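The values are calculated or read from the model by the stated rules, or taken from the named source; none is laboratory data. It should be emphasised that the depicted structure is a prediction, and the values quoted were computed from it without experimental measurement. For neighbour counting, all protein chains shown are included, and Cβ atoms are generated from backbone atoms with ideal geometry for every residue, glycine included. Each accessible area value is taken on the protein alone, full model and side chains, heavy atoms only, with ligands, DNA and RNA left out. Shrake-Rupley method; radii C 1.70, N 1.55, O 1.52, S 1.80 Å.
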Amino acid sequence: MMQTAIFAGGCFWCIEAVYNQIQGVQSAVSGYIGGHLADPSYRQVCDSDTGHAEAVKIEFDPQQISYQTLLDIFFAIHNPTALNRQGNDIGTQYRSEIFYLNDQQKQLAEQTIIELQPHFSAPIVTKISPVTTFYPAENYHQGYFLQNPNTGYCSMVVAPKYLKAKVKFAELWKTDL
């Protein structure tokens, strides 16, 4: 039976691109979560007034990959010590947040942060919150990096994170770019 994980860690193009290449992940969908406006648009979220985070909803097979491994990937592909930003992307929509679907996910997220904190020179600011409604982003955001690897943002921001994950998690990787 498939399970779901939802992570926000900056631009969803970066996170979605990585998770869609991981064995055991059936799909990773870019979208919005954690805000107060129903069915927000990208423009509304970018204006930072909806309260939503750019996030990725991951459907995975726990027989092939554990939630813990998904957490390990999450903390390796973004900076969990940056409050409301990742690199030059600034705003609450770029926050680091884990949206848990059950007590086990919450406990694993809390324990992972405790275990990882000594490896960072600044406090981990990743929030752990109960899941709220996830709204898939517009179609052009889905698979954006793989469709547009040579655009400026993708080549300068997404590609380095993607390649770092490909090396670090090579044994979990599905395909080449």
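Some values worked out for this structure:
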| read-out | value |
| --- | --- |
| Those lysines that a straight Cα-Cα span of less than 23 Å connects to Lys127, excepting residues fewer than 8 apart in one chain | Lys57, Lys106, Lys161 |
| Anisotropy class of the chain from Cα gyration tensor, a/c 1.5 cut | rounded |
| 5 angstrom amide H check on Val125, placed H, neighbours 5+ away | Thr81, Ala82 |
| Cross-link partners of Lys174 among aspartates and glutamates (Cα-Cα below 16 Å; sequence separation of 8 or more within a chain) | Glu16, Glu59, Asp61 |
| Cα centroid separation - the range 113-133 against the range 1-52, whole Å | 18 |
| Label zone at Leu116 (point 7 Å along Cα-to-Cβ), backbone N below 13 Å, the range 43-70 | 68-70 |
| Estimated [θ] at 222 nm from DSSP helical runs (n ≥ 4, -39500 (n - 2.57)) normalised by residues in the chain, nearest 500 | -8000 deg cm²/dmol |
| Gain on full stretching of the segment that runs from Ala170 to Val125 - 0.36 nm per residue minus C-alpha separation | 13.4 nm |
| Simple spin-label estimate for Leu163 and Asn150 in nanometres, 7 Å along Cα-Cβ | 1.6 |
| Accessible-area composition of the chain, carbon plus sulfur, in percent [1.4 Å probe] | 53 |
| Residue-normalised accessible area of the range 49-145, expressed per residue, 1.4 Å probe, Å² | 48 |
